[in-house]
Amino acid sequence: MPFCRECGSKLFYDRNSKEYVCRSCGLTYTFQDLVVESEKMFENKLKKDEKKKAREEYLDWWLSKKK
Ligand SMILES: [Zn+2]
């Protein structure tokens, strides 16, 4: 079940409008909106992992230099 970007509540699928509706704040999302959003989140996570890796590599390099 997808969650609302604004308030984090569960979204409900409205068969009539073919949209996901947040019952807490009233926002609606199309399926496309949700797909795009989850892709963005996935990309952000990848970027974060890359940054973390780069930092660790730098630390390794720095520590080996100190010896
Ligand atoms: Zn909401």
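Each of Gln32, Phe42, Trp61 was placed along the dipole of the chain (beta-carbon charges, centred on the mean Cα), and the one lying farthest toward the positive end is Trp61. Here Lys51 is the anchor, and the lysines within straight C-alpha reach of less than 24 Å, apart from those fewer than 8 places off in the same chain, are Lys40, Lys65, Lys66.
Each label point was placed 7 Å from the Cα along the Cα-to-Cβ direction; for Phe12 and Asp49 their separation is 3.6 nm. From most to least packed by mean Cβ count within 10 Å, the peptides 3-15, 34-46 give 3-15, 34-46.
Bear in mind these aren't lab numbers, they're just calculated from the coordinates by the rules spelled out. Note that the structure is a prediction, hence the values are computed from the model and not measured. Note that each Cβ is placed from the backbone with ideal geometry, even for glycine, and that neighbours are counted across all protein chains shown.
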